[in-house]
Amino acid sequence: MKHGPVFLLEEWERGVASLDPDHPLGGYDPDHWRRIVRDCDNLIADFGRGAAAMGWSTIDLFGFDPAGGIVAGLVRRIDGGRIVAMDDNCATYRWPFSDRTSRFARGYLENCMAQQFVPVWELGE
């Protein structure tokens, strides 16, 4: 298996490109699913290269609970907002239609050992 930021970014790009905004996975309603896909696209375009170089993992960014739980990676939390800053420890994102921001720590999901996470593109129908 190939490793390194370039290969990780390529994996993310392939995974995100496989998402169909009109074909929800994981039981998400169509409007929410379209926001998830748009948030994935924006993350890749705006921060993908940097996130890969800084050591963010696939699960940090795109991790979802296949059982539908609310604990998940960065993309699930953005919910139509925008990432405004990212470093090797944390991402700051702005809530949609608000000046309010929140932060997501890299590695946060590693502390949720009771749950298993998969990349959004591996969610079931």
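Principal axis analysis of the Cα atoms in the range 5-120 yields extents of 32, 32, 29 Å, listed in decreasing size. Annotation: Cα Rg of the range 44-111 relative to the compact-globule expectation 2.2 N^0.38 Å equals 1.05.
Normalising the average separation of contacting C-alpha pairs (under 8 angstrom, six or more residues apart) by the number of residues puts the relative contact order of the chain at 26 percent. Label-to-label distance, Cys112 versus Asp88, with points set 7 angstrom from Cα along the beta-carbon direction: 2.5 nm.
Across the options Thr58, Leu123, Ala17, the greatest Cα extent toward the positive end of the charge dipole of the chain (unit charges at beta carbon of Lys, Arg, Asp, Glu) belongs to Thr58. A run of the chain free of exposed loop cleavage sites, with trypsin sites (Lys or Arg not before Pro) counted only in DSSP states other than H, G, I, E and B and at most 11 other beta carbons within 10 Å, reaches its longest extent at 3-99.
Footprinting exposure proxy ranking of Met54, Met86, fewest other C-beta atoms within 10 angstrom first, gives Met54, Met86. The ranking of Leu43, Leu8 from fewest to most other beta carbons within 10 Å of each one's beta carbon is Leu8, Leu43. In loop segments of the range 1-97 as defined by DSSP, the chymotrypsin sites (Phe, Trp or Tyr not before Pro) with at most 13 further C-beta atoms inside 10 Å of their C-beta are Phe97. Using R0 = 30 Å, the C-beta based FRET efficiency linking Glu10 and Thr101 works out to 0.50.
Quick note: the coordinates plus some simple rules give every number you see, no bench work behind them. It should be emphasised that the depicted structure is a prediction, and the values quoted were computed from it without experimental measurement. Positions of Cβ are backbone-derived with ideal geometry, glycine not excepted, and every protein chain shown enters the neighbour counts.
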